[in-house]
Amino acid sequence: MAERLSFRNITALAPMVRVGTLPMRLLALDYGADVVYCEELIDIKMAQCERVVNEVLHTVDFVAPDERVMFRTCEQEKERVVFQMGTADPDRALIVAKLVEKDVAAIDVNMGCPKEYSTKGGMGAALLSNPDKIVAILRTLVTGVSIPVTCKIRILPTVEETVSLVRRIEETGVAAVAVHGRLREERPRHPLNCDVIKAVAEAVSVPIIANGGSLDLVKTNADIEEFRKKTGSSSVMLARAAMWNVSVFSPSGPLPLEKVMEDYLKYAIRYENHAFNTKYCLCQMLRDKVESPQGKLLQAAQTHADISAAFGLQQFCQQTEEELQKKRSELQGDCPPDALRMEGDVSTMAVKFIRREYLPHFSPKMFLLEWSRKERLQQPLYEMAQRSLDRGFQSTVTFSGKRFRSSLWEKSKKFAEQAASVVCLRVLGIPEGRIGDEESDLVCKRKRDARTNGTTEEEQSSKRHSGDMRPEEETPHVNGDTPPEKS
């Protein structure tokens with residue numbers, strides 16, 4: 001059994017929204033951080049997540065119903081990552097804590113964030129005015145999970161009030177308390193109250209983690225120990241100093257920013273971090289150089305390939321993405337494309353619609369429509385789902401009282417509907433119009449219709465490749481979906 005995480009005499013990466021994702025956490029550990037906190041994640045959203053083992057990335061992902069990865073972690077950080085949540089409800093906090101406790105080293109409750117997105121739900125710094133709720137949340141977590149529980153607060157208007165609150169927190173059995181030495185309404189431009197942090201540290205026995213010294217007190221690794229002594233704390237937590245150059249954790253640092261940014265980008269590509277999040281973090285590192293030629297390339301970037309071009313890492317990006325795609329293909333190979341699986345009442349196959357495999361003037365969706373007309377059945381109905389993470393599409397077609405879809409996501413609505421049609425046709429044993437397939441009555445009928453309408457196959461093919469949709473392919477949609485996109 002792994003040893004419980006200790007919060008004495010440590011240096012930690014602070015929880016930072018949009019910054020504390022997996023690439024930054026791993027890089028902080030590489031450079032010498034003892035403990036890393038993830039960004040604040042809201043309990044309501046996390047409670048809806050499913051724990052998924054990602055065999056391609058070798059990560060554990062907590063995936064929301066809309067397919068967004070809310071939290072991603074890996075074995076490399078398992079014994080040193082702290083999961084921070086935003087919560088105002090003891091029971092919901094426990095649900096989330098139990099969901100992640102096998103994959104993280106500790107649980108932290110945010111009680112110090114002054115931003116509206118946190119406080120409006122009674123979370124973050126809003127909890128400072130409700131000590132009874134603070135105690136209820138922490139006691140529920142301490143007794144409910146097997147890993148350490150901590151919290152992060154801001155100071156109160158007086159030293160006495162702050163000490164009193166931390167003493168109540170200590171009684172709940174938490175493993176540490178991080179104290180940001182500013183009031184709820186204060187911002188980084190206001191001076192840090194090191195004396196208050198020191199008074200708290202002297203009044204309790206639980207480890208106190210000093211936070212808030214990035215701007216004036218901590219600029220290099222050597223400053224960390226001075227900050228710890230000045231606050232009398234057990235440990236130090238860094239936010240902005242680490243965001244600007246995470247090698248501040250290295251005793252031999254800081255390293256050149258170019259090296260740090262390249263190392264960060266490699267982790268982002270390796271673990272498929274969202275490209276916009278990667279761009280945001282790199283822009284924070286550039287700071288006043290964001291308008292430089294490199295900075296402008298970065299700001300214009302839309303993908304990791306674009307970002308890599310700004311840092312001369314195109315070959316690394318391409319090679320890594322190819323390796324990950326190869327791994328995906330190998331894993332999908334364990335399940336043949338034509339293997340039929342049931343997901344509830346939906347028949348599924350791992351099918352991608354590849355346009356070049358089909359006759360230029362026919363499509364699976366067209367075949368399915370013609371079949372419904374031939375058999376005097378109700379026309380197919382298509383439902384569309386969109387994945388926010390990468391804007392992928394997945395369609396489910398209802399035909400003859402049954403539902404069909406591909407388990408793979410497509411790049412457009414049109415392709416998603418074609419893939420769903422392929423699954424339906426294959427399950428029903430109906431021709432789908434692939435090149436080399438024996439011509440069916442449906443093919444012959446389409447050719448006769450084309451001659452009758454005075455349109456040659458070549459003209460139809462030209463229209464097809466120019467993006468025109470055939471009238472026959474316009475099928476009903478449900479749930480207010482729009483017709484398929486042109487591709």
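So which residues in segment 320-348 are at pLDDT 85 or above, under 26 Å from the mean Cα position of the chain (by Cα), open to solvent by less than 70 Å² (accessible area, probe 1.4 Å) and not polar (S, T, N, Q), if there are any at all? Of everything in segment 320-348, those that are at pLDDT 85 or above, under 26 Å from the mean Cα position of the chain (by Cα), open to solvent by less than 70 Å² (accessible area, probe 1.4 Å) and not polar (S, T, N, Q) turn out to be Leu324, Lys327.
Yes or no, residue by residue, for (1) within 24 Å of Asn277 (Cβ to Cβ); (2) without any contact (Cβ under 8 Å) to a residue 12 or more places away in the chain; (3) out of contact with any Cys (no Cβ under 9 Å at 6 or more places or on another chain):
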residue	(1), (2), (3)
Asn9	no, no, yes
Leu13	yes, no, yes
Arg18	yes, no, no
Leu26	yes, no, no
Leu29	yes, no, yes
Gly32	yes, no, yes
Val36	yes, no, yes
Ile42	yes, no, yes
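Among the residues of segment 198-245, those that are closer than 25 Å to Asp263 by Cβ, touching a residue at least 40 places away in the same chain (Cβ under 8 Å) and not β-branched (Val, Ile, Thr) comprise Asn211, Asn221, Ser235, Met237, Leu238, Ala239, Arg240, Ala242, Met243, Trp244, Asn245.
Checking the condition open to solvent by 50 Å² or more (accessible area, probe 1.4 Å) and either in contact with a Pro (Cβ under 9 Å, 6 or more places away or on another chain) or of a type outside the set (Ser, Thr, Tyr) (or both), which residue from Leu238, Leu215 passes? Don't jump to the end; show me each part of the working.
Working: Leu238 fails: open to solvent by 50 Å² or more (accessible area, probe 1.4 Å).
On inspection, the qualifying residue turns out to be Leu215.
Only one of these is open to solvent by 20 Å² or more (accessible area, probe 1.4 Å), under 25 Å from Ile269 (Cβ atoms) and of a type outside the set (Lys, Arg): Val69, Val36, Val81, Val19. Name it.
Working: Val36 fails: open to solvent by 20 Å² or more (accessible area, probe 1.4 Å); Val81 fails: open to solvent by 20 Å² or more (accessible area, probe 1.4 Å); Val19 fails: open to solvent by 20 Å² or more (accessible area, probe 1.4 Å).
Result of the check over Val69, Val36, Val81, Val19: Val69.
Going through Lys219, Lys230 one at a time, which residue ends up being touching a Lys or Arg at 6+ places or on another chain (Cβ under 9 Å), of a type in the set (Lys, Arg) and under 16 Å from Leu192 (Cβ atoms)?
Numbers: Lys219 fails: touching a Lys or Arg at 6+ places or on another chain (Cβ under 9 Å).
None of the other options fit; the residue is Lys230.
Part of a loop (DSSP other than H, G, I, E, B), touching a residue at least 40 places away in the same chain (Cβ under 8 Å) and closer than 23 Å to Met237 by Cα - does that describe any residue in segment 56-77? Within segment 56-77, not a single residue is part of a loop (DSSP other than H, G, I, E, B), touching a residue at least 40 places away in the same chain (Cβ under 8 Å) and closer than 23 Å to Met237 by Cα.
Only residues that are farther than 20 Å from Glu185 by Cβ, open to solvent by 10 Å² or more (accessible area, probe 1.4 Å) and not in a helix (DSSP H, G or I) were counted in segment 139-165, giving 3. Selection of helices (runs of 4 or more DSSP H) fully inside segment 247-300 by the criterion of at least 3 residues being open to solvent by less than 20 Å² (accessible area, probe 1.4 Å) and touching a helix residue (DSSP H, G or I) at 6+ places or on another chain (Cβ under 9 Å) returns 257-270, 275-286. Condition check for Ala97 on (1) under 22 Å from Ile137 (Cα atoms); (2) at pLDDT below 95; (3) not aromatic (Phe, Trp, Tyr): one failure, at (2). Taken over segment 84-125, the criterion of being open to solvent by 20 Å² or more (accessible area, probe 1.4 Å) and part of a helix (DSSP H, G or I) is satisfied by Pro90, Asp91, Arg92, Leu94, Ile95, Lys98, Leu99, Glu116, Tyr117, Thr119.
Within segment 363-384, one or more residues are within 27 Å of Ala275 (Cα to Cα), outside any loop (DSSP other than H, G, I, E, B) and open to solvent by less than 70 Å² (accessible area, probe 1.4 Å). When residues in segment 386-429 are screened for being assigned to a helix (DSSP H, G or I) and open to solvent by 10 Å² or more (accessible area, probe 1.4 Å), 6 of them pass.
Within segment 166-184, the set of residues being under 21 Å from Thr119 (Cα atoms) and either of a type in the set (Val, Ile, Thr) or open to solvent by less than 10 Å² (accessible area, probe 1.4 Å) (or both) comprises Val166, Ile169, Val177, Ala178, Val179, Gly181, Arg182.
Is it true that Leu128 is crowded, with 17+ Cβ neighbours inside 10 Å and over 20 Å from Val17 (Cβ atoms)?
On the way: crowded, with 17+ Cβ neighbours inside 10 Å: yes; over 20 Å from Val17 (Cβ atoms): no.
Judged against the criteria, Leu128 is not a match.
The values are calculated or read from the model by the stated rules, or taken from the named source; none is laboratory data. Here the structure is a predicted model, which means the values were calculated and not measured. Every residue, glycine among them, receives a Cβ derived from its backbone with ideal geometry; neighbour counts consider all protein chains shown. Accessible surface is based on the protein model in full, side chains and every heavy atom, while ligands, DNA and RNA are left aside. Shrake-Rupley method; radii C 1.70, N 1.55, O 1.52, S 1.80 Å.
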